[in-house]
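Everything on this sheet refers to the single structure shown next.
The values are calculated or read from the model by the stated rules, or taken from the named source; none is laboratory data. What you see is a predicted model; the values in this text were computed from it and never measured. Reconstructed Cβ throughout: ideal geometry from the backbone, glycine too, with neighbour counts over all protein chains shown.
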Amino acid sequence: MVNAITIDVEDYYQVSAFESVVPSDSWGSYESRVEKNTYLLLDLLEETQAYATFFVLGWVAQRHPKLVKAIHQRGHEVSSHGYSHQRVYTQTPDKFREETRLSKKILEDIIGKAVNGYRAASYSITGESLWAIDILIEEGFLYDSSIFPVVHDRYGIPNAERFSHVIERQSGSIREFPLSTLRFCGVNLPVGGGGYLRLFPYSLTKWAIKHLNLKEQQPAIVYLHPWEVDPKQPRINGSRLSKFRHYVNLGKTEQTLRSLLSDFKFAPMSDLAAVPLE
């Protein structure tokens, strides 16, 4: 079973957890560490001959076009993470369309190739922002990976389909790749991504992905961020919960990723999107 490994390319100060203390108009005053951390991930993927999808923030791409080119030239897929890392349900449809179109154009101009995939900031296509799916279709995206079928205070559609499916609209269709979960006692439990990779012991993550692959015959969608392999990043004084979510076990992410790349086969999202649904 081939799984997908996905990297949400944003810097440590751009996360939703700190948006109340780090407004976007102050981003330029922070030390940028996204290049160094993303190159670390690129080198690690090259060591293990694995290929990934990098969902790149448009704001980052504008300032680091050589990084985006390097991702593309090393054989990875470049997809869109929006422009300003604003959660979808905090934007109007017009603003969302404007930022989505801008990010897509920035990335396509850098790599000279169509950008077909999208992932919303903080997985923020929720029940109240499903209108975003229509806009993604109209803007030419072929797949989305923004819906998390879990209960969470910032994101999630708990009753959403757990595995890849096609969403049909009047304007067309799009393939959806929800973030990975396991079903337990009637509840979807998040596995294989970000803070969950850092919070859970690797043995549990490994078991969960094996269960998805062998028992449910489904690929896992694994995700992480460049800042998660950077335990020495500057600390931001947010809320206690935000600091816990952001900083817990940063020192173990790199080894966890190495273990995943050794134990499972991974490919870009585009490879999974090319496989027709049964």
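Scanning segment 219-234 for residues that are free of Cβ contacts under 8 Å to residues at least 60 places away in the same chain and closer than 21 Å to ILE147 by Cβ yields no hits at all. The set of residues from segment 182-226 being β-branched (Val, Ile, Thr), more than 13 Å from the chain's Cα centre (by Cα) and either loosely packed, with under 15 Cβ neighbours inside 10 Å or closer than 25 Å to TYR12 by Cα (or both) comprises VAL187, VAL191, THR205.
ALA50 meets the conditions (1) more than 27 Å from ALA273 (Cα to Cα); (2) part of a loop (DSSP other than H, G, I, E, B); (3) small (Gly, Ala, Ser) in every case but one. The failed one is (1). Exactly one residue among ARG175, ARG198 is in contact with a Phe, Trp or Tyr (Cβ under 6 Å, 6 or more places away or on another chain) and among the charged types (D, E, K, R), and that residue is ARG175. Looking only at residues in segment 68-119 that are among the charged types (D, E, K, R), under 28 Å from PRO23 (Cβ atoms) and surrounded by 19 or more Cβ atoms within 10 Å (Cβ to Cβ), the one that is nearest to the chain's Cα centre (by Cα) is ARG119. The set of residues in segment 72-93 that are touching a residue at least 60 places away in the same chain (Cβ under 8 Å) and not in a strand (DSSP E or B) comprises HIS76, HIS81, SER84, HIS85, GLN86, ARG87. Apart from one condition, LYS36 fits all of (1) within 23 Å of SER24 (Cβ to Cβ); (2) surrounded by 15 or more Cβ atoms within 10 Å (Cβ to Cβ); the exception is (2).
Quick grid of which residues meet (1) touching a Phe, Trp or Tyr at 6+ places or on another chain (Cβ under 7 Å); (2) at pLDDT 95 or above; (3) closer than 22 Å to LEU224 by Cα; (4) not hydrophobic (A, V, I, L, M, F, W, C):
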residue: ALA120; (1), (2), (3), (4): no, yes, yes, no
residue: SER129; (1), (2), (3), (4): yes, yes, no, yes
residue: ILE137; (1), (2), (3), (4): no, yes, no, no
residue: GLY156; (1), (2), (3), (4): yes, no, yes, yes
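Of everything in segment 172-189 that is small (Gly, Ala, Ser) and at pLDDT 90 or above, the residue that is farthest from TRP207 (Cα to Cα) is GLY172. Checked against the criterion of being within 15 Å of PHE54 (Cβ to Cβ), at pLDDT 95 or above and part of a loop (DSSP other than H, G, I, E, B), segment 94-113 contains one or more residues that satisfy it. For segment 214-247, a tally of residues being of a type outside the set (Phe, Trp, Tyr), more than 14 Å from ILE5 (Cβ to Cβ) and either at pLDDT below 95 or outside any loop (DSSP other than H, G, I, E, B) (or both) returns 11.
Residues in segment 99-132 that are among the aliphatic types (A, V, I, L, M) and either in contact with an Asp or Glu (Cβ under 9 Å, 6 or more places away or on another chain) or within 16 Å of ILE157 (Cβ to Cβ) (or both): ALA114, VAL115, ALA120, ALA121, ILE125, LEU130, ALA132.
Here LEU142 passes the criteria (1) surrounded by 14 or more Cβ atoms within 10 Å (Cβ to Cβ); (2) more than 18 Å from the chain's Cα centre (by Cα) except the one numbered (2).
Of the numbered criteria (1) surrounded by fewer than 15 Cβ atoms within 10 Å (Cβ to Cβ); (2) among the polar types (S, T, N, Q); (3) modelled with pLDDT under 95, the one SER26 fails is (3).
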